[in-house]
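Engineer: What follows is a structure written as structure tokens; I'll ask about it next.
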Amino acid sequence: MTRLATIDYLIIIVYFIIILGIAYRVVKRQKQNTDDYFLAGRDLGWFVIGASIFASNIGSEHLVGLAGSGATDGVALAHYELHAWCLLVLGWVLAPFYMRSRIYTMPEFLEKRFSASARYILSVISLIAYVLTKVAVGIFAGGIVFGVLLPELSFLGLNSFWVGSIMVLLLTGGYTVLGGLKAVAYTEAIQTVILIIGSILVTYYGLQELGGWNSLKEIAGSEMFNLWKPLVPDGMTGTWSPIRTETEMAWYFNGNYPWLGMLICAPIIGMWYWCTDQYIVQRMLGAANLTQARRGTIAAAFFKLLPVFIFIIPGIICFALASSGKNPELASIMLDANGDVINANAQQAYPLLVATILPAGIRGIVVAGLLAALMSSLAGVFNASSTLFTMDLYKKYKPQVTEEQLVRVGRIATVVMVIVGLLWIPVIQGSRGLYDYLQSVSGYLAPPIFVVFFFGIFNKRLNKQGCLASLLVGFTMGLFRLIIDTPVSLTGHSYEEGSFLWIINNIFFQYWSLLIFVVSSVVMVAVSYATPAPDYAQISGLTFGTLSQDNRSDTRASYTMKDVMMSILVICLIIAAYAYFSG
């Protein structure tokens with residue numbers, strides 16, 4: 001039986017009309033040049049930048065994975081969501097270097113700072129990472145949402161999961177291919193508003209059904225509201241050891257993480273994602289100037305504080321409704337015979353809430369918000385992928401190509417990424433959990449990128465030899481671990497206990513990520529200082545040590561006291577959230 005009423009369908013249709021109308025207007029006005037297609041003509045304002053960054057980030061891993069983690073482990077994974085301060089690092093520390101260099105892509109910045117080889121390596125790794133994480137995960141989550149809300153949907157023998165995945169894919173890919181970053185950014189600004197309103201409604205109606213915030217805390221228990229719950233679980237002496245014992249393995253596969261890994265590894269992944277990933281930074285590169293770019297990141301930081309309350313809390317609400325017996329339908333899906341949460345079904349927590357607690361009409365608004373998040377996340381990665389391939393690889397291979405040809409190649413690249421991502425979905429389906437899969441792959445690929453960007457900007461002595469060595473060694477370590485983990489994730493394969501491969505597979509992924517970070521850092525510094533220093537004139541303005549007085553003056557003139565105070569407010573809100581959820 002369908003979970004949506006006629007009025008819900010009407011609201012969803014209106015949503016699609018609005019989104020496609022905006023995309024159509026952008027396409028009609030668009031010039032066939034790379035600035036307009038890949039960077040929205042470099043004239044985006046701060047609100048569009050901030051909303052676009054947020055909408056791109058808030059996708060499948062939040063609607064499906066993060067809400068699911070809320071149902072199983074409470075606010076534990078809010079650590080990742082409270083990294084809004086990383087956006088302030090982007091706006092205040094890195095934005096001046098990026099905007100000054102007039103780049104299209106993050107790999108292009110590495111070429112200016114180090115060498116063309118560094119650009120090629122990062123471009124290829126970034127494209128691989130997008131296939132492994134953002135593209136396939138986004139499509140997969142769309143399928144889950146459709147599977148819950150329209151379980152009876154089928155077409156040509158395909159069930160609702162595959163029909164939903166393909167529908168989201170085609171709709172999103174269509175306006176992204178035609179409109180480029182400007183279509184993506186402006187539709188995302190609208191989608192952000194719809195998403196926030198819809199998610200607030202889910203939280204509100206969920207709390208209403210439970211009897212309020214105090215009832216939620218009483219039913220779910222204090223541990224679900226403790227950020228530090230997973231640090232040292234019952235029956236374990238600690239999580240210092242990098243190799244998981246049998247008890248630790250069961251604990252880990254339930255979505256928990258060692259405290260030392262969360263404390264150190266999470267910020268590294270956060271700084272990579274928010275400050276150096278093409279997927280996020282491309283929106284800022286489309287800013288009219290440095291002032292708009294920085295204010296856009298501050299706005300995005302405020303938006304980024306919301307997921308704890310509009311995604312994690314609904315996940316806890318879903319658990320509370322099921323475990324208390326107040327919603328028998330949720331209990332039958334979410335809980336096993338012993339009353340414990342079924343981890344595989346926890347990923348359905350958010351769409352299940354939408355389907356079971358919301359009245360008709362309101363449900364349509366929220367479903368539109370769900371689709372907005374899924375589509376904006378996919379649109380962002382499609383555009384970022386086409387930009388990377390076209391500007392970093394194709395243009396280098398054919399430097400004399402025209403602007404129109406580059407735009408056409410970018411569109412073709414988007415289509416190819418969509419197809420490859422679709423083929424990767426079965427791997428995601430076999431993983432331990434959507435959010436866990438995403439974080440582990442990011443943990444394997446992020447450290448060397450973090451090292452070369454941040455070390456390279458803060459230390460002018462580091463050179464191209466050190467950068468290349470760090471990237472190659474770090475990526476090799478990350479891909480090695482990914483190759484070992486994939487058979488276990490996909491097929492349930494197990495290695496002989498005590499063997500070398502078993503040990504590697506059973507190291508907490510955060511600890512492996514930290515190992516990659518340490519090795520990459522040592523390699524970059526050691527190789528750089530063992531080889532000649534770079535030409536400082538060539539990297540002028542690209543490191544703190546090579547800034548001119550004019551560079552410093554331009555940066556100081558790009559902000560006001562209001563920008564400073566708003567950034568301080570973000571920090572205060574983050575501290576307040578940590579204080580509240582640390583009881």
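FYI, it's all coordinate maths here, none of it is from the lab. Treat the numbers as computed from the prediction; the structure is a model and nothing was measured. Reconstructed Cβ throughout: ideal geometry from the backbone, glycine too, with neighbour counts over all protein chains shown.
Engineer: Measure off 7 Å from each Cα along the Cα-to-Cβ vector at residue 17 and residue 522, then give the distance between these two points in nanometres to one decimal.
Structural biologist: About 6.4 nm, to one decimal.
Engineer: Could I ask something else about it? For residue 215 and residue 566 in the same chain, what is the full-extension length gain: residue separation times 0.36 nm, less their Cα-Cα distance, in nm?
Structural biologist: Result: 123.0 nm gained on full extension.
Engineer: Further, regarding this structure: What is the order of 572, 265, fewest Cβ neighbours within 10 Å to most?
Structural biologist: If I rank by nearby Cβ atoms, fewest first, I get 572, 265.
Engineer: Between residue 120 and residue 579, what FRET efficiency comes out of the Förster formula 1/(1 + (r/R0)^6) with R0 = 56 Å and r the beta carbon distance, rounded to 0.05?
Structural biologist: 0.75
Engineer: Would you mind checking 304/396; 395/464; 112/398; 134/217; 134/562 for any pair whose Cα atoms are more than 29 angstrom apart? Walk me through the numbers on the way to the answer.
Structural biologist: Values: 304/396 36 Å; 395/464 22 Å; 112/398 19 Å; 134/217 33 Å; 134/562 35 Å.
Check vs 29 Å cut-off fails for 304/396; 134/217; 134/562.
Engineer: Additional query: Points 7 angstrom from Cα along the Cβ direction at residue 42 and residue 529: gap in nanometres?
Structural biologist: Modelled inter-label distance: 3.8 nm.
Engineer: Place the peptides 313-322, 103-112 in order of packing, highest mean first, counting for every residue the other Cβ atoms within 10 Å and averaging per peptide.
Structural biologist: My ranking of the peptides, most packed first, is 313-322, 103-112.
Engineer: Roughly what would the spin-label model give for residue 494 and residue 536, points 7 Å off Cα along C-beta, in nm?
Structural biologist: Taking the simple label geometry, residue 494 and residue 536 are separated by 5.9 nm.
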